[in-house]
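The values are calculated or read from the model by the stated rules, or taken from the named source; none is laboratory data. Please read these numbers as outputs of a predicted model, since none were measured by experiment. Quick reminder, even Gly has a Cβ in these numbers, built from the backbone with ideal geometry, and neighbours come from all protein chains shown.
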Amino acid sequence: MQFARRITGTILTAMAVLWAVSGCHSKLGRDSDTSFRIIATDAGFEAPDRVPAGLRHIVYANHGSEIHEAMLVKLSQSMTVGEYVSAVRSGSLFPAGALDYSGPGLTSPGESLEVWAKLDPGQYILICWNDGHARSPPPRPFTVEYTISDDRPPKEDLVIRLTDYRFELIGSLTKATQVIRAETTGPSMHEMDIFRLHDGKTPVDVSRWRKHPSDGSAPADAMGGVLDNHDIKRVVWMRRNFKPGRYVLHCEMPQVTNAEPTNQETTHADLGMVREIEIEE
Ligand SMILES: [Cu+2]
């Protein structure tokens with residue numbers, strides 16, 4: 001009896017140790033990378049139905065023929081995807097109760113990048129805001145589960161601070177695969193799209209084109225970026241390869257971010273949140 005109890009005790013201790021080790025393992029994020037793969041097409045997004053909560057490693061590629069971004073939006077508990085869509089169709093960029101959770105920014109066809117962003121449990125959608133896309137292909141719903149695991153973000157090569165209304169670089173971008181740690185110092189929400197300028201084009205050409213995308217040919221390629229978070233304290237990381245050239249950091253956040261479908265024409269880019277940078281040979 002005593003022997004049996006001791007065996008049971010040993011087994012229970014062993015199980016407790018195993019449980020503690022595995023718990024610790026997932027907390028550290030070591031080897032727990034569960035990439036969240038998102039593919040944009042012109043007909044909508046391909047993505048998993050469910051992902052764990054926590055810091056997610058998003059692997060994003062645009063397989064479409066137009067520029068697409070992938071904004072992660074957490075719906076409020078009472079809100080359906082249809083209700084969000086109808087608010088968007090009536091002109092709202094920030095339907096009441098829904099929360100932006102960042103995501104990969106504007107990305108040209110054939111380009112890809114990785115983003116690390118923290119997700120809380122709940123019902124989400126993926127939506128692209130480029131050039132009226134938010135009104136046509138249906139957003140892709142997905143669930144963030146209550147299970148938590150963290151993918152470890154890579155060590156950054158530089159930090160970019162998004163503040164009202166400028167980009168502050170701590171470090172510099174070089175030609176290579178680069179990890180950018182994006183911090184929003186605010187006080188407003190911000191986003192950062194990265195464009196690679198075509199020969200002879202300027203940041204002014206980019207801002208003008210972004211307002212009227214169908215007027216003439218594009219002055220730049222969209223290299224991705226990081227979209228806004230309602231919780232501006234959240235740090236987001238991105239990683240991609242950069243070739244030498246002239247680039248523009250650009251924030252298209254509307255100056256007014258309430259749920260009303262009015263007065264959202266003035267963007268942070270209009271207020272000066274545009275920065276040209278050069279990546280040297
Ligand atoms: Cu901004």
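When GLY224 is evaluated against the numbered criteria (1) surrounded by fewer than 23 Cβ atoms within 10 Å (Cβ to Cβ); (2) within 17 Å of the chain's Cα centre (by Cα); (3) of a type outside the set (Val, Ile, Thr); (4) not in a loop (DSSP other than H, G, I, E, B), which criterion, by number, is the only one it fails?
Of the numbered conditions (1) surrounded by fewer than 23 Cβ atoms within 10 Å (Cβ to Cβ); (2) within 17 Å of the chain's Cα centre (by Cα); (3) of a type outside the set (Val, Ile, Thr); (4) not in a loop (DSSP other than H, G, I, E, B), the odd one out for GLY224 is (1).
Would you confirm whether any residue within the stretch 150-167 is within 16 Å of the ligand (Cβ to nearest atom), surrounded by 18 or more Cβ atoms within 10 Å (Cβ to Cβ) and under 18 Å from ALA117 (Cβ atoms)?
Yes, because at least one residue in the stretch 150-167 is within 16 Å of the ligand (Cβ to nearest atom), surrounded by 18 or more Cβ atoms within 10 Å (Cβ to Cβ) and under 18 Å from ALA117 (Cβ atoms).
Look through the stretch 180-206, keep the residues that are β-branched (Val, Ile, Thr) and surrounded by fewer than 18 Cβ atoms within 10 Å (Cβ to Cβ), and return whichever of them is farthest from PRO109 (Cα to Cα).
THR185
I'm trying to understand the selection: among the residues of the stretch 239-262, which are in a loop (DSSP other than H, G, I, E, B) and touching a strand residue (DSSP E or B) at 6+ places or on another chain (Cβ under 9 Å)?
LYS243, PRO244, CYS251, GLU252, MET253, GLN255, listed by residue number.
Which of (1) free of Cβ contacts under 8 Å to residues at least 24 places away in the same chain; (2) within 16 Å of the ligand (Cβ to nearest atom); (3) surrounded by 16 or more Cβ atoms within 10 Å (Cβ to Cβ); (4) not polar (S, T, N, Q) is the odd one out, the single condition TRP209 does not satisfy?
Unmet for TRP209, out of (1) free of Cβ contacts under 8 Å to residues at least 24 places away in the same chain; (2) within 16 Å of the ligand (Cβ to nearest atom); (3) surrounded by 16 or more Cβ atoms within 10 Å (Cβ to Cβ); (4) not polar (S, T, N, Q): (2).
Can you name every residue in the stretch 48-73 that is among the small types (Gly, Ala, Ser) and under 21 Å from HIS250 (Cα atoms)?
ALA61, ALA70 - these are the residues of the stretch 48-73 that are among the small types (Gly, Ala, Ser) and under 21 Å from HIS250 (Cα atoms).
What's the total number of residues in the stretch 263-281 that are away from the ligand (no atom under 14 Å from the Cβ) and assigned to a strand (DSSP E or B)?
4
Could you look through the stretch 84-111, keep only residues that are in contact (Cβ under 8 Å) with a residue 60 or more places away in the chain and in contact with a Pro (Cβ under 9 Å, 6 or more places away or on another chain), and pick out the one that is surrounded by the fewest Cβ atoms within 10 Å (Cβ to Cβ)?
Top of the filtered list is SER90.
Is one or more of the residues making up the stretch 131-154 over 30 Å from ARG50 (Cβ atoms) and part of a loop (DSSP other than H, G, I, E, B)?
No: zero hits.
Would you mind finding the one in LYS27, LYS118 that is at pLDDT below 95 and of a type outside the set (S, T, N, Q)?
LYS27
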